[in-house]
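Bear in mind these aren't lab numbers, they're just calculated from the coordinates by the rules spelled out. Note that the structure is predicted; figures quoted are calculated from it, not measured. Cβ placement follows ideal geometry from the backbone for every residue including glycine, while neighbour counts extend to all protein chains displayed.
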Amino acid sequence: MKRKEIFWLIGTAIFVLILNFSLFGVNGFKAESVTDINIHDTYFVIANFHFILLLSVLIFFSVYLLRMLRRNFKNLTVNLIFMICGILSIWVLTGIISIVSSYIGVTETTEYNLPVTNTMFDNVSKLLYLILIIIVILIAYSGFKTGLNYRKAE
């Protein structure tokens, strides 16, 4: 790994830590710190660690996506870090999709006791699945281009 890549990796990690400290404070990094999300009459109690993980993966994914596209898939280290961040973002998005899908099943009743599905969360779930598919395509294309560029270098 080149020295420049180490600086980019450390710089991105420091940026993520500073952003997480500014958003959650020191107490956000404790194991018992949680965030309560109230949606209608349902409370979701989520540990702050999950929000920190989400934000960290999103920033690393964004930084290395831009670096990979700017270098035109020529830097092997950037491509590998991007693929690792992409796999982690798939893992995080799968958890978010499961939370959103659990709320889709909750129905509201109208005045005449007709069930009404919650279309907003259904649309959010479809959007998250679309983002997941785009990330998988980006990872596959990055792997393909990395393989081509790696063969040319040998």
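When the charge dipole of the chain is built from unit charges on Cβ atoms (+1 for Lys and Arg, -1 for Asp and Glu) and taken about the Cα centre, the candidate among Ala47, Val78, Leu17 whose Cα reaches farthest toward its positive end is Val78.
For the chain, a Gaussian network of Cα nodes joined below 10 Å ranks Val100, Val136, Val26 by mean-square fluctuation, and the top entry is Val26.
In this structure the amide hydrogen of Thr35, modeled in the peptide plane, comes within under 5 Å of the amide hydrogens of Ile46, Ala47, Asn48, none closer than 5 places in sequence on its chain. For the chain, the dipole from Cβ point charges (+1 on Lys and Arg, -1 on Asp and Glu) about the Cα centre works out to 1460 debye, to the nearest 20. In terms of the Cα gyration tensor, with a ≥ b ≥ c the square roots of its eigenvalues, is the chain rounded because a/c is under 1.5, prolate because a/b exceeds b/c, or oblate? Since a/c reaches 1.5 but b/c is at least a/b, the shape of the chain is classed as oblate.
Contact order for the chain, expressed relative to its length and based on alpha carbon pairs under 8 Å spaced 6+ residues apart, stands at 18 percent.
Based on DSSP H runs of at least 4 residues, each adding -39500 (n - 2.57), what is the mean residue ellipticity at 222 nm of the chain after dividing by all its residues, to the nearest 500 deg cm²/dmol? Using -39500 (n - 2.57) per qualifying helix, the result is -25500 deg cm²/dmol.
Within the straight-line cut-off of under 17 Å between alpha carbons, the lysines reachable from Lys152 are Lys74, sequence neighbours fewer than 8 places apart in one chain being disregarded.
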